[in-house]
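Just so it is clear, none of the values below were taken in a lab; they were calculated from the coordinates. Just so it is clear, the model here is predicted, and its values are computed rather than measured. Heads up, the Cβs are rebuilt from the backbone with ideal geometry, glycines too, and the neighbour counts pull from every protein chain shown.
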Amino acid sequence: MHFDLADLRLFIHIAEAPSLTQGARRAFLSPAAASARIKALEGQLGSRLLYRDNRGVELTPAGQRLLQHARLIMRQVDYLKSEFTDYGAEAAGHIRIFANTTAVTEFLPEVLAGFLADRPGVTVDLQERLSRDIVRGVLDGSTDLGIIAGPVQAPGLQVLHFSTDRLVLAVPVGHELAARERVKLHDTLAFQHIGLHEGSTLLSFLRERVEHLGEQLSLRIQVSSFEAVCRMIEAGVGIGIIPESAARRHSRTMRLAVVELDEPWAVRERSILVRELEALPGSIRALIATLRQEPDPAR
């Protein structure tokens, strides 16, 4: 059985579009030519890969399996290309990262700024994702590496610890909880919270913990960054649970009180997820080494 790499890349484009016309455009083919290639691929595999209708395409179970393998194959091809460039193994290539909210907003921008400044041939696609999507993305090859906090259920992946993340309660100075040394999550639920945007990893995590208590999280407003959360808290709009690194930093310029959360899940280990470290190209291994050598942002 012979696979044409161009056909596999075309199939990925169509699956991610998800439209044959849009996928063909990304592959610089006409829809008719793309359709003929997909039909030939289906004939070679002896399986239907796509359901087609006027709304677009949907992958069949066989198509889902092929997509997973095709992504891994094409990513390895890209790794091979990046290893043989004029820049050298560590100085070129494209890196896709799926990461949680804290990583995307708190420490990765600074880490990546220094890393990319030293490597003009490297490009990065950084996407904020939920924990389960981060694990799935690394497993199916849709991302090179994942950055996650908390317990990890990821059989088949390498889990590389690199720092510790602590969640704390931030309240306005003078708030009735400000005098407490530590609080339980339940103690905070009588007050309105300031939350991050829908789809953020931290908000999803907190909702799960609140639901576990049989309660509901009362959100007064949702904002897009920890700085915005802290500004709302300083103004007396509500209280919020955020990473200690963000709370301590913003408390230096805002009137905030930081209270320890007395919960076993408040301290979360940060980890990098990869399929196989030694199989990654030099640029990705160099980024992982940089992350693991960085001082802990929570300290």
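Could you work out the pair-distance distribution P(r) of region 94-234 from its alpha-carbon pairs, with 10 angstrom bin width and percents rounded to whole numbers?
Whole-percent P(r) values from 0 Å outward: 10, 34, 33, 17, 5, 0.
Restricting to Cα pairs below 8 Å that are 6+ residues apart, what does the relative contact order work out to for region 5-81? Please round to a whole percent.
29 percent
Could you work out the Rg to Rh ratio of the chain, with Rh taken as the Kirkwood radius (inverse of the mean 1/r over all Cα pairs)?
1.05
Per the Kirkwood definition applied to all pairs of different Cα atoms, how many angstroms is the hydrodynamic radius of region 5-81?
12.4 Å
When the Karplus curve 6.51 cos²θ - 1.76 cosθ + 1.60 is applied with θ = phi - 60°, which whole-Hz ³J(HN,Hα) does each residue of region 257-270 get, with x for Gly and Pro?
Once rounded to whole Hz, the list reads 10, 10, 10, 5, 8, 8, 9, x, 8, 5, 9, 10, 6, 8.
Among S30, S283, S245, determine the one that fluctuates most according to a GNM of the chain built with springs between C-alpha atoms less than 10 Å apart.
In this elastic network of the chain, the residue with the biggest mean-square fluctuation among S30, S283, S245 is S30.
Can you give the % of DSSP beta bridges in region 15-169 that are antiparallel, to the nearest 5?
Taking every DSSP beta bridge with both residues in region 15-169, the antiparallel ones total about 25 percent.
When the helices in the chain are scored as -39500 (n - 2.57) per DSSP H run of 4 or longer and the sum is shared across all residues, what 222 nm value do you end up with, to the nearest 500 deg cm²/dmol?
Taking each H run of at least 4 residues, the total per residue is -12500 deg cm²/dmol.
In degrees from 0 to 90, rounded to the nearest 10, what is the angle of the helix 201-212 Cα long axis to the longest principal axis of the chain?
60 degrees
Please work out how much length the chain gains when fully extended from Q64 to D4, using 0.36 nm per residue of separation minus the C-alpha to C-alpha distance, in nm with one decimal.
Extending this stretch completely gives an extra 19.8 nm.
What list do you get for F226, F115 if you sort them by fewest beta carbons within 10 Å?
Starting with the residue having the fewest Cβ neighbours, the order is F115, F226.
Would you kindly derive the ³J(HN,Hα) couplings of region 139-156 from the backbone phi angles with the Karplus curve 6.51 cos²θ - 1.76 cosθ + 1.60 (θ = phi - 60°), listing them in order in whole Hz, with x for Gly and Pro?
In residue order, the calculated couplings are 4, 8, x, 7, 9, 6, 8, x, 10, 9, 10, x, x, 10, 9, 9, x, x Hz.
Using only alpha carbon pairs under 8 Å that are at least six residues apart, calculate the relative contact order of the chain and give it in whole percent.
Over the chain, the number comes to 21 percent.
Counting Lys +1, Arg +1, Asp -1, Glu -1, what net charge surrounds L213 among other residues with beta carbon under 13 Å of its beta carbon?
After counting each charged neighbour, the total is -2.
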